[in-house]
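Student: This structure is in C-alpha coordinates; I'll ask about it shortly.
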Amino acid sequence: LSAPLNAPRGTQDVLGEEAIARAALEQRARKLLESCGYERIETPAFEATELFARGVGESTDVVQKQMYSFQDGGGRSLTLRPEGTAPICRAYLEHGMSRRPQPVKLWYLSSFFRYERAQAGRYRQFWQVGAEAIGSDDPAVDAELILLLAELLDELAVSDSRLRISSLGTHATRAAYRERLTAHLRAHEQELSSDVRERIELNPLRAFDSDHAGTRAAMASAPKLLDALDDVDREHFAGVRTLLDDAGLAYDVDHTLVRGLDYYTRTVFEYESPALGAQRGVGGGGRYDGLIAQLGGPETPGCGWAAGVERLLLAGDAPPLAPPPVDLFIGYGDPARERAAFGLARDARRAGLNAQLELAGRSLKGQLKHADRLGAQILALLEDEGTAIRDMHSGEQVSVVDEAALAEILRRRR
Ligand code: HAM
(Lines give C-alpha, C1' and ligand atoms only; values in the text may rest on other atoms or scores of the structure.)
Protein backbone atom coordinates (compact mmCIF):
# COMPACT_ATOMS: atom_id res chain seq x y z
CA LEU A 1 0.00 0.00 0.00
CA SER A 2 1.26 3.49 -0.78
CA ALA A 3 1.53 6.18 1.92
CA PRO A 4 -1.38 8.59 2.25
CA LEU A 5 -0.85 11.98 0.65
CA ASN A 6 -0.68 15.27 2.52
CA ALA A 7 -1.59 18.80 1.42
CA PRO A 8 1.33 20.47 -0.41
CA ARG A 9 3.83 22.41 1.68
CA GLY A 10 2.64 25.92 2.49
CA THR A 11 -1.02 25.08 1.96
CA GLN A 12 -3.70 24.21 4.47
CA ASP A 13 -7.12 22.72 4.84
CA VAL A 14 -9.59 25.10 6.39
CA LEU A 15 -12.06 23.39 8.65
CA GLY A 16 -13.70 23.45 12.04
CA GLU A 17 -13.03 26.54 14.15
CA GLU A 18 -10.71 28.00 11.53
CA ALA A 19 -13.52 27.85 8.97
CA ILE A 20 -15.92 29.49 11.42
CA ALA A 21 -13.40 32.24 12.21
CA ARG A 22 -12.88 32.92 8.50
CA ALA A 23 -16.59 33.11 7.85
CA ALA A 24 -16.88 35.66 10.66
CA LEU A 25 -13.99 37.66 9.23
CA GLU A 26 -15.62 37.69 5.83
CA GLN A 27 -18.93 38.81 7.32
CA ARG A 28 -17.26 41.65 9.21
CA ALA A 29 -15.18 42.73 6.21
CA ARG A 30 -18.19 42.69 3.90
CA LYS A 31 -20.28 44.78 6.26
CA LEU A 32 -17.57 47.38 6.66
CA LEU A 33 -16.50 47.62 3.01
CA GLU A 34 -19.99 47.53 1.54
CA SER A 35 -21.12 50.22 3.96
CA CYS A 36 -18.44 52.42 2.34
CA GLY A 37 -19.61 51.65 -1.20
CA TYR A 38 -17.09 48.95 -2.11
CA GLU A 39 -18.49 46.34 -4.49
CA ARG A 40 -17.34 42.72 -4.41
CA ILE A 41 -15.21 41.57 -7.32
CA GLU A 42 -13.92 38.12 -8.17
CA THR A 43 -11.24 37.63 -10.82
CA PRO A 44 -9.82 34.36 -12.19
CA ALA A 45 -7.36 32.35 -10.09
CA PHE A 46 -4.89 32.48 -12.99
CA GLU A 47 -4.01 35.16 -15.51
CA ALA A 48 -1.63 35.66 -18.41
CA THR A 49 1.90 35.63 -16.96
CA GLU A 50 2.54 38.89 -18.77
CA LEU A 51 -0.03 40.70 -16.61
CA PHE A 52 2.13 40.24 -13.53
CA ALA A 53 5.43 40.72 -15.37
CA ARG A 54 4.16 44.09 -16.63
CA GLY A 55 2.03 45.07 -13.64
CA VAL A 56 3.93 43.88 -10.58
CA GLY A 57 7.32 44.44 -12.21
CA GLU A 58 10.12 42.26 -13.62
CA SER A 59 12.58 43.24 -10.89
CA THR A 60 10.38 42.25 -7.94
CA ASP A 61 10.89 39.09 -5.88
CA VAL A 62 7.29 38.21 -6.60
CA VAL A 63 7.88 38.04 -10.37
CA GLN A 64 11.45 36.78 -10.23
CA LYS A 65 11.08 33.99 -7.70
CA GLN A 66 7.57 33.49 -6.42
CA MET A 67 5.24 32.91 -9.32
CA TYR A 68 3.52 29.63 -9.99
CA SER A 69 3.69 29.79 -13.78
CA PHE A 70 2.78 27.04 -16.19
CA GLN A 71 1.96 26.39 -19.80
CA ASP A 72 -1.57 25.28 -20.48
CA GLY A 73 -2.57 22.76 -23.16
CA GLY A 74 -2.68 25.56 -25.72
CA GLY A 75 0.89 26.64 -24.99
CA ARG A 76 -0.06 29.88 -23.21
CA SER A 77 2.00 30.97 -20.25
CA LEU A 78 -0.33 31.40 -17.28
CA THR A 79 0.34 32.25 -13.63
CA LEU A 80 -1.64 31.59 -10.47
CA ARG A 81 -2.33 35.13 -9.21
CA PRO A 82 0.29 36.23 -6.66
CA GLU A 83 -1.71 39.38 -5.85
CA GLY A 84 -4.96 41.09 -6.74
CA THR A 85 -4.24 44.64 -7.84
CA ALA A 86 -2.97 43.94 -11.37
CA PRO A 87 -5.89 41.56 -12.12
CA ILE A 88 -8.40 44.12 -10.88
CA CYS A 89 -6.87 46.86 -13.01
CA ARG A 90 -7.05 44.46 -15.96
CA ALA A 91 -10.73 43.90 -15.20
CA TYR A 92 -11.31 47.67 -14.84
CA LEU A 93 -10.00 48.12 -18.38
CA GLU A 94 -11.64 45.05 -19.83
CA HIS A 95 -15.08 46.06 -18.58
CA GLY A 96 -14.81 49.74 -19.43
CA MET A 97 -15.26 50.73 -15.80
CA SER A 98 -13.87 54.20 -16.59
CA ARG A 99 -17.38 54.98 -17.88
CA ARG A 100 -18.78 54.58 -14.38
CA PRO A 101 -18.70 57.35 -11.76
CA GLN A 102 -15.14 57.52 -10.41
CA PRO A 103 -13.57 56.25 -8.30
CA VAL A 104 -14.78 52.71 -8.85
CA LYS A 105 -14.51 51.02 -5.46
CA LEU A 106 -14.00 47.26 -5.42
CA TRP A 107 -13.26 44.74 -2.68
CA TYR A 108 -12.24 41.09 -2.70
CA LEU A 109 -11.55 38.15 -0.50
CA SER A 110 -9.69 35.56 -2.50
CA SER A 111 -6.76 33.19 -2.40
CA PHE A 112 -3.35 34.04 -3.83
CA PHE A 113 -0.26 32.01 -4.60
CA ARG A 114 3.40 32.72 -4.01
CA TYR A 115 6.27 30.28 -3.96
CA GLU A 116 7.84 31.46 -0.70
CA ARG A 117 9.64 29.73 2.12
CA ALA A 118 6.70 28.52 4.20
CA GLN A 119 6.67 29.42 7.90
CA ALA A 120 4.21 30.68 10.50
CA GLY A 121 2.16 33.40 8.85
CA ARG A 122 3.67 32.75 5.42
CA TYR A 123 2.03 30.32 3.06
CA ARG A 124 2.18 29.37 -0.59
CA GLN A 125 -1.55 29.65 -0.91
CA PHE A 126 -2.96 32.38 1.29
CA TRP A 127 -6.04 34.58 1.42
CA GLN A 128 -6.25 38.32 1.22
CA VAL A 129 -9.07 40.70 1.86
CA GLY A 130 -8.46 43.79 -0.22
CA ALA A 131 -9.95 47.05 -1.43
CA GLU A 132 -9.14 49.09 -4.53
CA ALA A 133 -10.44 52.54 -5.49
CA ILE A 134 -9.69 53.32 -9.12
CA GLY A 135 -10.14 56.58 -11.02
CA SER A 136 -9.36 59.41 -8.61
CA ASP A 137 -6.08 60.84 -7.36
CA ASP A 138 -7.70 62.79 -4.52
CA PRO A 139 -5.71 62.40 -1.26
CA ALA A 140 -9.05 61.69 0.41
CA VAL A 141 -9.11 58.33 -1.41
CA ASP A 142 -5.80 57.35 0.18
CA ALA A 143 -6.88 58.57 3.60
CA GLU A 144 -10.24 56.82 3.41
CA LEU A 145 -8.57 53.54 2.46
CA ILE A 146 -5.98 53.79 5.24
CA LEU A 147 -8.71 54.51 7.77
CA LEU A 148 -10.84 51.71 6.43
CA LEU A 149 -8.06 49.20 7.04
CA ALA A 150 -7.61 50.63 10.55
CA GLU A 151 -11.32 50.12 11.06
CA LEU A 152 -11.11 46.52 9.85
CA LEU A 153 -8.18 45.78 12.18
CA ASP A 154 -10.22 47.25 15.00
CA GLU A 155 -13.27 45.23 14.05
CA LEU A 156 -11.14 42.05 14.10
CA ALA A 157 -9.55 43.05 17.42
CA VAL A 158 -6.03 43.25 16.00
CA SER A 159 -4.55 45.40 18.72
CA ASP A 160 -1.17 47.12 19.02
CA SER A 161 -0.80 47.45 15.28
CA ARG A 162 1.59 50.09 14.05
CA LEU A 163 1.02 52.07 10.87
CA ARG A 164 3.93 53.27 8.76
CA ILE A 165 3.35 55.56 5.81
CA SER A 166 5.47 57.25 3.21
CA SER A 167 5.31 58.68 -0.26
CA LEU A 168 7.29 57.40 -3.22
CA GLY A 169 6.39 60.31 -5.52
CA THR A 170 5.90 59.78 -9.24
CA HIS A 171 7.81 57.27 -11.30
CA ALA A 172 9.85 60.19 -12.72
CA THR A 173 10.86 61.49 -9.28
CA ARG A 174 11.67 57.97 -8.26
CA ALA A 175 13.79 57.35 -11.37
CA ALA A 176 15.87 60.48 -10.70
CA TYR A 177 16.14 59.58 -7.02
CA ARG A 178 17.16 56.05 -7.96
CA GLU A 179 20.13 57.40 -9.88
CA ARG A 180 21.30 59.40 -6.86
CA LEU A 181 20.74 56.45 -4.55
CA THR A 182 22.56 54.09 -6.91
CA ALA A 183 25.49 56.51 -7.01
CA HIS A 184 25.51 56.60 -3.21
CA LEU A 185 25.46 52.81 -3.03
CA ARG A 186 28.28 52.55 -5.58
CA ALA A 187 30.34 54.97 -3.50
CA HIS A 188 29.81 52.72 -0.45
CA GLU A 189 29.99 49.40 -2.26
CA GLN A 190 32.60 47.89 0.05
CA GLU A 191 30.38 48.33 3.11
CA LEU A 192 27.31 46.65 1.64
CA SER A 193 26.11 43.08 2.08
CA SER A 194 26.62 40.95 -0.99
CA ASP A 195 22.94 40.60 -1.83
CA VAL A 196 22.40 44.36 -1.65
CA ARG A 197 25.51 44.89 -3.78
CA GLU A 198 24.23 42.46 -6.39
CA ARG A 199 20.93 44.29 -6.60
CA ILE A 200 22.20 47.87 -6.75
CA GLU A 201 20.99 48.31 -10.30
CA LEU A 202 17.92 46.10 -10.03
CA ASN A 203 16.39 47.41 -6.82
CA PRO A 204 18.50 49.93 -4.89
CA LEU A 205 15.59 50.92 -2.60
CA ARG A 206 15.72 47.48 -1.09
CA ALA A 207 18.98 48.48 0.63
CA PHE A 208 16.91 50.36 3.23
CA ASP A 209 15.33 47.03 4.19
CA SER A 210 18.62 45.33 5.04
CA ASP A 211 19.51 44.09 8.53
CA HIS A 212 23.21 43.96 7.62
CA ALA A 213 25.20 46.33 9.87
CA GLY A 214 27.50 47.72 7.16
CA THR A 215 24.58 48.31 4.83
CA ARG A 216 22.62 50.08 7.56
CA ALA A 217 25.56 52.36 8.31
CA ALA A 218 25.92 53.22 4.61
CA MET A 219 22.19 53.90 4.37
CA ALA A 220 22.21 56.36 7.26
CA SER A 221 23.84 58.96 5.01
CA ALA A 222 21.88 58.00 1.89
CA PRO A 223 19.63 60.56 0.18
CA LYS A 224 15.98 60.22 1.18
CA LEU A 225 13.20 59.81 -1.32
CA LEU A 226 10.83 61.88 0.84
CA ASP A 227 13.23 64.84 0.46
CA ALA A 228 13.22 64.42 -3.31
CA LEU A 229 9.45 64.71 -3.88
CA ASP A 230 8.28 67.49 -6.18
CA ASP A 231 5.85 70.11 -4.86
CA VAL A 232 2.72 68.44 -6.22
CA ASP A 233 3.56 65.09 -4.59
CA ARG A 234 4.63 66.75 -1.37
CA GLU A 235 1.29 68.52 -1.23
CA HIS A 236 -0.55 65.29 -2.00
CA PHE A 237 1.20 63.53 0.87
CA ALA A 238 0.47 66.45 3.20
CA GLY A 239 -3.19 66.21 2.17
CA VAL A 240 -3.32 62.54 3.10
CA ARG A 241 -1.63 63.19 6.44
CA THR A 242 -3.96 66.06 7.33
CA LEU A 243 -6.98 63.79 6.92
CA LEU A 244 -5.34 61.03 8.99
CA ASP A 245 -4.46 63.58 11.67
CA ASP A 246 -8.04 64.90 11.68
CA ALA A 247 -9.25 61.34 12.19
CA GLY A 248 -6.87 60.94 15.12
CA LEU A 249 -5.08 57.99 13.54
CA ALA A 250 -1.54 57.46 14.80
CA TYR A 251 1.19 56.67 12.27
CA ASP A 252 4.92 56.94 11.71
CA VAL A 253 6.27 58.54 8.58
CA ASP A 254 8.99 56.14 7.53
CA HIS A 255 11.02 57.15 4.48
CA THR A 256 12.51 53.63 4.31
CA LEU A 257 9.13 51.97 3.80
CA VAL A 258 9.58 49.88 0.71
CA ARG A 259 6.79 47.70 -0.61
CA GLY A 260 7.63 44.59 -2.57
CA LEU A 261 5.71 45.54 -5.71
CA ASP A 262 6.80 48.00 -8.41
CA TYR A 263 3.54 49.71 -9.26
CA TYR A 264 3.40 52.09 -6.32
CA THR A 265 3.49 55.86 -6.71
CA ARG A 266 2.96 58.51 -4.04
CA THR A 267 1.34 57.10 -0.86
CA VAL A 268 2.46 53.74 0.52
CA PHE A 269 1.52 52.29 3.90
CA GLU A 270 1.78 49.18 5.97
CA TYR A 271 0.23 47.96 9.21
CA GLU A 272 2.38 45.71 11.37
CA SER A 273 1.36 43.65 14.34
CA PRO A 274 3.89 42.59 17.00
CA ALA A 275 1.71 39.51 17.62
CA LEU A 276 2.90 38.10 14.29
CA GLY A 277 6.62 37.69 14.94
CA ALA A 278 8.80 37.57 11.86
CA GLN A 279 5.97 38.06 9.36
CA ARG A 280 4.78 41.30 10.92
CA GLY A 281 3.05 42.83 7.91
CA VAL A 282 -0.64 42.33 8.49
CA GLY A 283 -1.77 44.50 5.61
CA GLY A 284 -0.55 47.22 3.33
CA GLY A 285 -0.92 49.00 0.07
CA GLY A 286 -0.70 52.36 -1.60
CA ARG A 287 -1.34 54.39 -4.68
CA TYR A 288 -0.58 53.02 -8.16
CA ASP A 289 -1.23 55.90 -10.55
CA GLY A 290 0.82 54.41 -13.38
CA LEU A 291 -0.38 50.81 -13.29
CA ILE A 292 -3.35 51.02 -15.64
CA ALA A 293 -1.27 52.84 -18.28
CA GLN A 294 1.41 50.19 -17.77
CA LEU A 295 -1.23 47.61 -18.68
CA GLY A 296 -2.07 49.44 -21.91
CA GLY A 297 -4.93 51.64 -20.70
CA PRO A 298 -5.23 55.42 -20.40
CA GLU A 299 -3.52 57.22 -17.51
CA THR A 300 -5.76 56.31 -14.56
CA PRO A 301 -4.96 56.78 -10.88
CA GLY A 302 -5.70 54.09 -8.31
CA CYS A 303 -5.13 53.26 -4.68
CA GLY A 304 -5.76 50.23 -2.49
CA TRP A 305 -4.64 47.72 0.10
CA ALA A 306 -4.72 44.07 0.94
CA ALA A 307 -4.46 42.28 4.28
CA GLY A 308 -3.57 38.63 4.82
CA VAL A 309 -6.53 36.68 6.18
CA GLU A 310 -4.36 34.14 8.05
CA ARG A 311 -2.36 36.98 9.60
CA LEU A 312 -5.48 38.91 10.55
CA LEU A 313 -6.76 35.81 12.33
CA LEU A 314 -3.42 35.14 14.01
CA ALA A 315 -3.10 38.72 15.23
CA GLY A 316 -6.76 39.30 15.97
CA ASP A 317 -8.80 38.33 18.95
CA ALA A 318 -12.37 38.85 17.77
CA PRO A 319 -14.84 36.42 19.32
CA PRO A 320 -16.14 33.95 16.77
CA LEU A 321 -19.68 34.50 15.61
CA ALA A 322 -21.91 31.75 16.99
CA PRO A 323 -22.67 28.98 14.48
CA PRO A 324 -26.31 28.91 13.41
CA PRO A 325 -28.44 26.92 15.87
CA VAL A 326 -30.06 23.64 14.84
CA ASP A 327 -33.76 24.29 15.30
CA LEU A 328 -34.98 20.83 14.50
CA PHE A 329 -33.65 17.30 14.25
CA ILE A 330 -35.84 14.74 12.55
CA GLY A 331 -35.45 11.11 13.54
CA TYR A 332 -37.28 7.87 12.91
CA GLY A 333 -37.13 4.25 14.05
CA ASP A 334 -38.62 2.50 11.06
CA PRO A 335 -36.53 2.86 7.86
CA ALA A 336 -39.81 3.09 5.98
CA ARG A 337 -40.26 6.56 7.53
CA GLU A 338 -37.13 7.92 5.86
CA ARG A 339 -39.04 9.45 2.95
CA ALA A 340 -41.46 11.19 5.32
CA ALA A 341 -38.51 12.50 7.35
CA PHE A 342 -36.90 13.77 4.17
CA GLY A 343 -40.09 15.61 3.21
CA LEU A 344 -40.52 17.10 6.69
CA ALA A 345 -36.92 18.40 6.64
CA ARG A 346 -37.59 20.09 3.31
CA ASP A 347 -40.81 21.69 4.59
CA ALA A 348 -39.12 22.88 7.77
CA ARG A 349 -36.26 24.44 5.79
CA ARG A 350 -38.71 26.18 3.49
CA ALA A 351 -40.39 27.56 6.60
CA GLY A 352 -37.02 29.09 7.53
CA LEU A 353 -35.85 26.57 10.12
CA ASN A 354 -32.40 25.06 10.35
CA ALA A 355 -33.33 21.41 10.13
CA GLN A 356 -31.31 18.21 9.97
CA LEU A 357 -32.47 14.65 9.58
CA GLU A 358 -31.02 11.29 10.48
CA LEU A 359 -28.66 10.30 7.67
CA ALA A 360 -26.67 7.41 9.06
CA GLY A 361 -29.14 4.72 10.11
CA ARG A 362 -28.49 5.16 13.85
CA SER A 363 -30.59 3.42 16.44
CA LEU A 364 -33.29 5.57 18.07
CA LYS A 365 -31.04 5.94 21.10
CA GLY A 366 -28.15 6.94 18.87
CA GLN A 367 -30.33 9.50 17.12
CA LEU A 368 -31.31 11.07 20.41
CA LYS A 369 -27.67 11.37 21.38
CA HIS A 370 -26.80 12.84 18.01
CA ALA A 371 -29.59 15.45 18.21
CA ASP A 372 -28.25 16.40 21.62
CA ARG A 373 -24.70 16.68 20.31
CA LEU A 374 -25.87 19.02 17.52
CA GLY A 375 -27.57 21.20 20.12
CA ALA A 376 -30.94 20.74 18.40
CA GLN A 377 -33.77 22.68 20.01
CA ILE A 378 -36.42 20.17 19.20
CA LEU A 379 -36.53 16.61 18.08
CA ALA A 380 -39.28 15.34 15.82
CA LEU A 381 -39.58 11.54 15.92
CA LEU A 382 -41.62 10.04 13.12
CA GLU A 383 -43.54 7.11 14.53
CA ASP A 384 -46.41 5.00 13.33
CA GLU A 385 -48.90 6.87 15.55
CA GLY A 386 -47.73 10.25 14.36
CA THR A 387 -44.89 12.64 15.06
CA ALA A 388 -43.60 12.88 18.60
CA ILE A 389 -42.12 16.26 19.40
CA ARG A 390 -39.61 16.54 22.17
CA ASP A 391 -38.25 19.78 23.58
CA MET A 392 -34.56 18.99 23.92
CA HIS A 393 -34.04 21.55 26.68
CA SER A 394 -36.85 20.64 29.04
CA GLY A 395 -37.05 17.02 27.92
CA GLU A 396 -40.80 17.58 27.71
CA GLN A 397 -42.54 15.48 25.12
CA VAL A 398 -45.71 16.46 23.29
CA SER A 399 -47.24 14.01 20.89
CA VAL A 400 -48.57 15.61 17.80
CA VAL A 401 -50.40 13.77 15.10
CA ASP A 402 -51.53 16.75 13.18
CA GLU A 403 -49.22 18.42 10.64
CA ALA A 404 -50.72 21.86 11.17
CA ALA A 405 -50.01 21.61 14.88
CA LEU A 406 -46.45 20.61 14.09
CA ALA A 407 -46.08 23.59 11.74
CA GLU A 408 -47.42 25.85 14.48
CA ILE A 409 -44.89 24.54 16.98
CA LEU A 410 -42.10 25.08 14.50
CA ARG A 411 -43.29 28.62 13.84
CA ARG A 412 -43.42 29.45 17.54
CA ARG A 413 -39.87 28.20 17.88
CA ARG A 414 -38.45 30.85 15.53
P1 HAM B 1 1.42 42.59 -0.21
O2 HAM B 1 2.04 43.45 0.82
O3 HAM B 1 2.30 41.80 -1.08
O4 HAM B 1 0.51 43.56 -1.08
O5 HAM B 1 0.39 41.61 0.48
C6 HAM B 1 -0.61 42.12 1.34
C7 HAM B 1 -0.74 41.25 2.57
O8 HAM B 1 -0.95 39.89 2.20
C9 HAM B 1 0.49 41.21 3.45
O10 HAM B 1 0.51 42.31 4.32
C11 HAM B 1 0.30 39.90 4.20
O12 HAM B 1 -0.58 40.08 5.30
C13 HAM B 1 -0.39 39.03 3.18
N14 HAM B 1 0.57 38.11 2.55
C15 HAM B 1 1.44 38.36 1.54
N16 HAM B 1 2.14 37.26 1.24
C17 HAM B 1 1.74 36.29 2.08
C18 HAM B 1 2.08 34.90 2.28
N19 HAM B 1 3.00 34.29 1.52
N20 HAM B 1 1.43 34.21 3.26
C21 HAM B 1 0.49 34.81 4.01
N22 HAM B 1 0.13 36.10 3.87
C23 HAM B 1 0.73 36.83 2.92
C24 HAM B 1 -0.25 43.18 -2.13
O25 HAM B 1 -0.46 42.03 -2.43
C26 HAM B 1 -0.89 44.33 -2.87
N27 HAM B 1 -1.71 43.79 -3.97
C28 HAM B 1 -1.70 45.19 -1.93
C29 HAM B 1 -2.32 46.35 -2.61
C30 HAM B 1 -3.60 46.45 -3.01
N31 HAM B 1 -1.69 47.45 -2.99
C32 HAM B 1 -2.56 48.24 -3.61
N33 HAM B 1 -3.69 47.64 -3.63
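Student: Express in whole angstrom the spacing between the alpha-carbon centres of the range 43-111 and the range 290-363.
Tutor: Spelled out, the Cα-based centre of one part sits 28 Å from the other.
Student: At 4 °C and 1.567 mPa s, grab the translational diffusion coefficient of the chain from Stokes-Einstein with a Kirkwood Rh over Cα pairs, rounded to a whole number in µm² per second.
Tutor: Rounded, D is 52 µm²/s.
Student: Along each of its three principal axes, how wide is the spread of alpha-carbon positions in the range 158-208, in whole angstrom units, largest first?
Tutor: 41, 27, 15
Student: Further question: Tell me the net charge near A341. Cut-off is 12 Å between Cβ atoms, A341 excluded, with +1 for each Lys or Arg and -1 for each Asp or Glu.
Tutor: Local net charge: -2.
Student: Note down the relative contact order for the chain as a percent, whole number, built from C-alpha pairs under 8 angstrom at least six residues apart.
Tutor: That works out to 16 percent.
Student: To the nearest 10 degrees, how steeply does helix 139-155 sit against the main Cα axis of the chain, on a 0 to 90 scale?
Tutor: Helix 139-155 sits roughly 40 degrees off the main axis of the chain.
Student: Which sequence of L156, L368 reflects their accessible areas, 1.4 Å probe, from the largest down?
Tutor: L368, L156
Student: Still on this structure, I have one more. Taking K224 as the anchor, which aspartates and glutamates have their alpha carbon closer than 15 Å to its alpha carbon, excluding any fewer than eight residues away along the same chain?
Tutor: E179, D209, D233, D254
Student: Let me know the longest stretch in the chain that avoids all GluC sites (Glu not before Pro) found in a DSSP loop with at most 13 other C-beta atoms within 10 Å.
Tutor: Here the longest run is 59-200.
Student: Then there's this: Is there a quick way to get the dipole size of the range 210-275? I mean about its Cα centre, with the Cβ of Lys and Arg at +1 and of Asp and Glu at -1; what is the value in debye to the nearest 20?
Tutor: 180
Student: On C-alpha positions alone, give me the angle between the axis of helix 16-35 and the longest principal axis of the chain, in degrees, nearest 10.
Tutor: The helix 16-35 is inclined about 60 degrees to the chain.
Student: Relative to the longest principal axis of the C-alpha atoms of the chain, give the angle of the C-alpha long axis of helix 364-374, reported between 0 and 90° and rounded to the nearest 10°.
Tutor: Roughly 30 degrees, rounded to the nearest 10.
Student: Given G283, L374, A351, which one lies farthest toward the positive end of the charge dipole of the chain, if we put +1 on the Cβ of every Lys and Arg and -1 on the Cβ of every Asp and Glu?
Tutor: L374
Student: Also, I was wondering about something else. Express in nm, to one decimal, how much length is gained between E201 and Y68 on full extension, taking 0.36 nm for each residue of separation and deducting their alpha carbon distance.
Tutor: Result for the pair: 45.3 nm of gain on full extension.
Student: Of F208, P298, H188, which is farthest towards the positive pole of the range 170-325's charge dipole, taken about the Cα centre with +1 and -1 on the beta-carbons of Lys, Arg and Asp, Glu respectively?
Tutor: Of F208, P298, H188, it is H188.
Student: Would you work out what percent of the accessible area of the range 268-414, with all protein chains in place, is carbon or sulfur (probe 1.4 Å)?
Tutor: Carbon and sulfur: 51 percent of the exposed surface of the range 268-414.
Student: log10 I(q)/I(0), Debye, Cα-only the range 63-191, no solvent, q = 0.11, 0.14 Å⁻¹?
Tutor: The Cα Debye sum returns log10 ratios of -0.66, -1.03.
Student: Of Y264, Y251, which has the most accessible area and how do the rest follow, probe 1.4 Å?
Tutor: Result, largest first: Y251, Y264.
The values are calculated or read from the model by the stated rules, or taken from the named source; none is laboratory data. In this text, all values refer to a predicted model and were calculated from it rather than measured experimentally. Here the Cβ is made from the backbone with ideal geometry for all residues, glycine too, and neighbour counts use every protein chain on show. With ligands, DNA and RNA removed, areas are computed over all heavy atoms of the protein, side chains included. Shrake-Rupley method; radii C 1.70, N 1.55, O 1.52, S 1.80 Å.
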